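The values are calculated or read from the model by the stated rules, or taken from the named source; none is laboratory data. What you are looking at is a predicted structure, and each value in this text was computed from that prediction instead of being measured. FYI the Cβ positions are ideal-geometry reconstructions off the backbone, even for glycines, and counts take in every protein chain you see. Ligands, DNA and RNA are stripped out before the accessible areas are found, and what is left, the full protein with its side chains, is counted by its heavy atoms. Shrake-Rupley method; radii C 1.70, N 1.55, O 1.52, S 1.80 Å.
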Amino acid sequence: MDHSGHGMTMDLPPFTLGRGLEWSADPFFLIACLVGLGLYGWGVVRLARRGDKWSVGRTIAFVLGVLTVMLAMCTKLNDYGMVMFSVHMVQHMVISMLSPILILLGAPITLALRALPVAATRGNKGPRELLLMFLHSRYMRIITHPAFTIPLFIASLYALYFSPIFDFLMGSKTGHIAMMCHFLAVGLVFFWPIMGVDPGPHRPGYLMRMLELFAGMPFHAFFGIALMMASEPMVDTYKNPPASLGIDALADQSAAGGIAWAFSEIPSVLVLIALLFQWYASEKRQARRTDRAADRDGDKELAAYNAYLASLNARGR
């Protein structure tokens, strides 16, 4: 029996990148990812048949986002992550920070709202109407509010790893799947209002979005530094790694801390670039609207002036 109840043998060979990327699918995440890709593809095809366009860039972003989830959960990274803190931290960082950003850049909610059929009769509630009700519900207003998302983002590190909760969840396959789903969900609700691609209850201005982003990121760095500076293993699950791995628990924990510290920079840069592009596009749209309004006002003034001249001419005659 293995360390975690996964049915995985304890005599894993020493970790290498090649071994880590070998196929080893978790059925739950494999099915969930394939269903997600299938639904997204259905939405894109439905729009195309209707003659509507959908951004190729968004499609690529969404597919890459789902593939990163599969990379973390459907390869040997998932097996090694059960016994190596450093590999688990790679999984955590990818699935909570990289995957959500890419998935959100794919604008799946916008696609769903455009692709789902409208209820045939007024008053009836089809899938599209139910999705809109959910998006505008009090529940969504709470879980996407910065006062909720930022503390949750931070607690997912400190309250989980520095308490018995982590060891309890790692003790069963169900617990491990639940924890990884939690990481993905926390990343999605944290970055959703910040990315601002899909409609949602909270739409802060671009400056506020940047402040929200940088309010959460430093805590990842502090968490990583705490792991690197610890003088003993801090998580029971990884205190006694299998001898076949040939690793030292404290050195592996220090590597995990370094990964958490370094990885916090990657999503910050990605999101910042996305926000700057969105801000620039928004300013261009606003400038075009202003120009069109000015042109209309100018046309009205010219028409009024011409009418005035015509009236003077008529009076003169």
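Considering the stretch 31-72 alone, what residues qualify as being in a helix (DSSP H, G or I) and basic (Lys, Arg)?
Selection gives Arg46, Arg49, Arg50, Arg58.
Considering only the stretch 253-274, state which residues are under 15 Å from the mean Cα position of the chain (by Cα) and hydroxyl-bearing (Ser, Thr, Tyr).
Result: Ser264, Ser268.
This table checks each residue for (1) crowded, with 20+ Cβ neighbours inside 10 Å; (2) modelled with pLDDT under 90.
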residue: Ser99; (1), (2): yes, no
residue: Arg114; (1), (2): no, no
residue: Val118; (1), (2): no, yes
residue: Glu129; (1), (2): no, yes
residue: Ile143; (1), (2): no, yes
residue: Pro151; (1), (2): no, no
residue: Asp167; (1), (2): no, no
residue: Met170; (1), (2): yes, no
residue: Ala178; (1), (2): no, no
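Which condition from (1) touching a Leu at 6+ places or on another chain (Cβ under 7 Å); (2) crowded, with 18+ Cβ neighbours inside 10 Å; (3) among the hydroxyl-bearing types (Ser, Thr, Tyr) is the one that Tyr238 breaks?
Condition (1) is where Tyr238 drops out.
Does Ala221 satisfy the criteria of being aliphatic (A, V, I, L, M), open to solvent by less than 20 Å² (accessible area, probe 1.4 Å) and part of a helix (DSSP H, G or I)?
yes
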